[in-house]
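K.L.:
Supplied in structure tokens, the structure appears directly below.
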Amino acid sequence: MADKRSSVDKDGSPDGVSAFEPESSSWIQSKLKVELKGIERVTEEERLHDTTKFWNACTFWLSANMAVATLNIGSLGGALGLPFWDSFAVILVINVVSNLLPAWTAAFGLTGLRMTTFSRYSFGYWGNLLVVVFSMVATTGWNAINSISGAVVLNALSDGRCPTWAGVIIICTIVWVVCTLGISWIHRLDVFAWIPPLIVWCVAAGTGASQLTGVDNNPSSGADRAAPVLTFMASIFSFAVSWINCAADFNVRMPVNTPRWKIFSATYVGIFVPTVLVQTLGAALYSGTINHPEWKQAYGESGVGGLLKMALEPAGGFGKFLMVLAALSAVPNNIPNNYSFALHAQNFGPWALKIPRVVLVTFGFVAAIVIGCCAAEYFDDTLQTLLSVIGYWTVIHITLVMEEHFMFRGGWKGYDLDAWNDRQYLPFGWAAIAAFAFGFVGAALGMKVAWYVAPIASLIGDSGANIGHELTFAFSAITFPVFRWLEKRYTGR
């Protein structure tokens, strides 16, 4: 590993430590265990206090993915015209592979750095601003979308008396409270938060089973059949890799000697198991619309909330209680987004480090409410479009981080972790900026969203297919090594 150094910002704060914390901060921290620090690297000494365990990586993601938004993603296959078994095959295969990526990046938390900050080593100090901006957009978008997913359940439960915008405000407010308290409280909550929604999904599968079907009523074949499969694959992939930008953030307080394979395994299980189970249930619930007009009407009026209401109807009053629990599953689902939003924002520069984390969490909370209330009216189109755009950007992010890690750093020993805030040590980011631009050229050629079908995407089937992720990967993966080699040769960094 390169010689380590400590970095001091121009304002004199070592490593960008937030300046002038109030005198009451120590009391707040000691009594309430409120997290006060921002993106500053968590040292080995600091991890001796308030230490988290590797199994927290599993329970955290169990809670985050055992959610109604996951149910919503699973139903998209049916909405695209796919029968249940086709949807199930896509859900299983894509999750087996794609969940490896956030599980791998989760181990970066053992460096004591959050993922957006760690990306400076591959994107450069200035090029990393692209990571910051797109990560903030992604977390805000998911915060809004996940809140809407829970809000439509409350809307269906109340027969429309609880407007979707009101449900969004309720869910976002609960998330804001937990994220304000910080990572210790988050891990305490997530030890148990996955259990209530698991009960909901098990009961819904049982009470709704008689109304579900695996019948294929779609006569299409060839390219017309492949097109919705590819588009659904893109949605499932985007949902899985959306965690890449924050997977490391919740492991920074684990002991430095924690084996990486334990973090990887715990994270993979925590994401894979609930994602496959709940997405499969979502696909199954949508199949109820094939033979039952009342299910189709419920879906048209309240989306997946309507389907869940129909499935739980035989349970009577208990079913209504379970729907409340289903709606509240959006809270742990949204915690990673609202919490990490503040950490993303602090990477803008020394001035951003001086803004307390709580203030930035609050800003993300307000942004999610505004966007969520506006996007609720066009939920289906918003969901598919957001999934695609976030997926394209995330593909570029993970591709460049992996190539830097294996090709230019030679693995974990190639990082000077004390130089995370040293502009003289970190690359500028020309290579990442160029590869980023080329990656989005690939996306522009292969994307398919509600408002645009790209030239190459339009060649597959009558309505086109989303192959933007594949082209984004190809364009960025081929160009980054070339640009990075040139950058190192002429700048030495």
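All of the numbers you see were taken from the coordinates with simple rules; none came from a lab. Since the model is a prediction, treat every value here as computed from it, not as a measurement. Cβ: placed from backbone, ideal geometry, glycine included. Neighbour counts: every protein chain shown.
K.L.:
At a 10 angstrom cut-off on C-beta neighbours, averaged per residue, how do the peptides 252-263, 345-356, 131-142 rank from highest to lowest?
P.N.:
On the way: 252-263: 16.3, 345-356: 18.6, 131-142: 23.5.
The most tightly packed comes first, giving 131-142, 345-356, 252-263.
K.L.:
Using a Förster distance of 56 angstrom, determine the FRET efficiency expected from the C-beta separation of Tyr490 and Val96, and round it to 0.05.
P.N.:
Step by step, r from the Cβ atoms, then E = 0.85.
K.L.:
Contour minus end-to-end for Asn217 and Phe406, with contour as 0.36 nm per residue of separation and end-to-end as the Cα-Cα distance? Working shown, then result.
P.N.:
Values: separation 189, 0.36 × 189 = 68.04 nm, distance 4.70 nm.
Taking 0.36 nm per residue and subtracting the Cα distance, the gain is 63.3 nm.
K.L.:
Something else: Could you compute the FRET efficiency for Lys53 and Trp261, with r as their C-beta to C-beta distance and R0 at 22 Å, rounded to 0.05? Could you put the intermediate results ahead of the total?
P.N.:
Working: r = 15 Å, r/R0 = 0.68.
Efficiency, from the Cβ-Cβ distance: 0.90.
K.L.:
Ok, one more. Order of 152-160, 198-206 by packing, highest average Cβ count within 10 Å first?
P.N.:
In descending order of packing, they fall as 152-160, 198-206.
K.L.:
Take the residue pairs Lys53/Lys262; Lys354/Lys488; Lys296/Lys320; Lys262/Lys413; Lys37/Lys354 and return only those whose Cα atoms are more than 22 Å apart. Write down the numbers at each step before the final one.
P.N.:
Working: Lys53/Lys262 10 Å; Lys354/Lys488 32 Å; Lys296/Lys320 20 Å; Lys262/Lys413 19 Å; Lys37/Lys354 10 Å.
Those over the limit are Lys354/Lys488.
K.L.:
What longest region of the chain stays clear of GluC sites (Glu not before Pro) that DSSP places outside H, G, I, E and B and that have at most 12 other Cβ atoms within 10 Å? Intermediate results must be reported in sequence, preceding the final value.
P.N.:
Working: sites that count: Glu23, Glu44, Glu45.
It runs 46-493.
K.L.:
Using +1 at the C-beta of Lys and Arg and -1 at the C-beta of Asp and Glu, which of Ala103, Ser184, Asn338 has the Cα lying farthest in the positive direction of the dipole of region 50-370?
P.N.:
Ser184
K.L.:
Run through region 408-457 and list the chymotrypsin sites (Phe, Trp or Tyr not before Pro) located in a DSSP loop whose Cβ has at most 12 other Cβ atoms within 10 Å.
P.N.:
Details: sites: Phe408, Trp412, Tyr415, Trp420, Tyr425, Phe428, Trp430, Phe436, Phe438, Phe440, Trp451, Tyr452; in loops: Tyr415, Trp420, Tyr425, Phe428, Trp451.
The qualifying sites are Trp451.
K.L.:
Another question about this same structure. Using packing as a proxy for protection, rank 55-66, 361-372 so that the peptide with the highest average count of other Cβ atoms within 10 Å comes first. Walk me through the numbers on the way to the answer.
P.N.:
Numbers: 55-66: 25.6, 361-372: 20.3.
Ranking, from highest mean packing down: 55-66, 361-372.
K.L.:
For region 407-413, take each phi angle, set θ = phi - 60°, evaluate the Karplus expression 6.51 cos²θ - 1.76 cosθ + 1.60, and give the result in whole Hz per residue in order, putting x for glycine and proline.
P.N.:
8, 10, 9, x, x, 5, 7
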